[in-house]
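The values are calculated or read from the model by the stated rules, or taken from the named source; none is laboratory data. Since this is a predicted model, take the numbers as computed values, not measurements. Here Cβ is always computed from backbone atoms with ideal geometry, including for glycine, and neighbour counts include all displayed protein chains. For accessibility, only protein heavy atoms count, side chains too; no ligands or nucleic acids. Shrake-Rupley method; radii C 1.70, N 1.55, O 1.52, S 1.80 Å.
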Amino acid sequence: MDIAIIADDTKKELMTQFCIAYCGILARHNLSATSVTGKYISDATGLEIEQMMAGIDGGTEQIAARIAYNEIDLLFYFKSTEPKYDEGGVEQDVLRLCDIYNIPVATNIATAEALVMALDRGDLDWRKLINPHSEYNRKDL
C-alpha cells in the first residue's frame, strides 16, 4: 500500500516515535512524506521514504495531489493541537480529499495505532480493489 506521512512541527518527534514502534509493519509498504518529516523518520528507522518538498514549500500540496489522483491508500497526518491563524487552509483540503476518495486518515497517535494494526491484519486490503494504481489492478495491464 502507498502510505503518506505528514507531521506538523510540534508532532514530528511523536510521528518519529510512532514509526520506530511500527517500523516492521511500515517497511512492507511504499512510504512518502514531506521532506523534514521524512528525513526525521528515515534517519531514526532506516525506512525508505520518498521525500516530497517541505510542507511549507508545497509538500502537503504534493501529497494532496497524489490523494486526488488516488495514489495514496493511507494517510498519517499528525496535526498540531495549537490554534493557527490559517486554520482551514491546506490541511482542511487534504482531509476533505481523504473523505472524497475514501482514504483512511489518522490525525493523532491513537487513530494511527488502530489503522496500522488494521493494516497489518489486512483490514485495509479493500483499498487495493478501488485504487487503480495498486499492483492488484496493474497486473492485468
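Counting GluC sites (Glu not before Pro) as exposed when in a DSSP loop with at most 15 other beta carbons within 10 Å, what is the longest stretch of the chain free of them? Can you show the working numbers first?
On the way: sites that count: Glu48, Glu87.
After excluding every exposed loop site, the longest remaining stretch is 88-141.
Take Lys79 and Ile25, extend 7 Å from each Cα along the Cα→Cβ direction, and tell me the distance between the two endpoints in nm.
Here the answer is 2.2 nm between the modelled labels.
Ignoring ligands, DNA and RNA, what percent of the 1.4 Å accessible area of the chain is carbon and sulfur? Could the numbers behind the result be given before it?
Details: 3820 of 7530 Å².
Solvent-exposed carbon and sulfur of the chain make up 51 percent of the total.
Quick one: Karplus J couplings for region 3-13, per residue in order, coefficients 6.51, -1.76, 1.60, θ = phi - 60°, nearest Hz, x for Gly and Pro?
10, 9, 10, 9, 9, 4, 3, 6, 10, 4, 5
Two-decimal Rg/Rh of region 1-45 from alpha-carbon positions, Kirkwood Rh? Please list the in-between numbers first.
Details: Rg = 9.5 Å, Rh = 10.4 Å.
In region 1-45, Rg relative to Rh is 0.92.
Counting other C-beta atoms within 10 Å, and keeping those with at most 13, which DSSP coil trypsin sites (Lys or Arg not before Pro) do you find in region 44-105? Each step should come with its number before you reach the end.
Numbers: sites: Arg66, Lys79, Lys84, Arg96; in loops: Lys79, Lys84.
Those satisfying the criteria are Lys84.
Mind checking Rg over Rh on the chain, alpha carbons, Kirkwood formula for Rh? All intermediate terms of the calculation are to be shown ahead of the outcome.
Working: Rg = 14.2 Å, Rh = 15.1 Å.
Across the chain, the Cα-based Rg/Rh ratio is 0.94.
Quick one: how many Å² of Lys11 are accessible to a 1.4 Å probe, rounded to 10?
Rounded to the nearest 10, that gives 50 Å².
For the charge dipole of the chain, defined by +1 on Lys and Arg C-beta atoms and -1 on Asp and Glu C-beta atoms about the Cα centroid, which residue among Ala65, Tyr40, Ala27 has the Cα displaced farthest towards the positive pole?
Ala27
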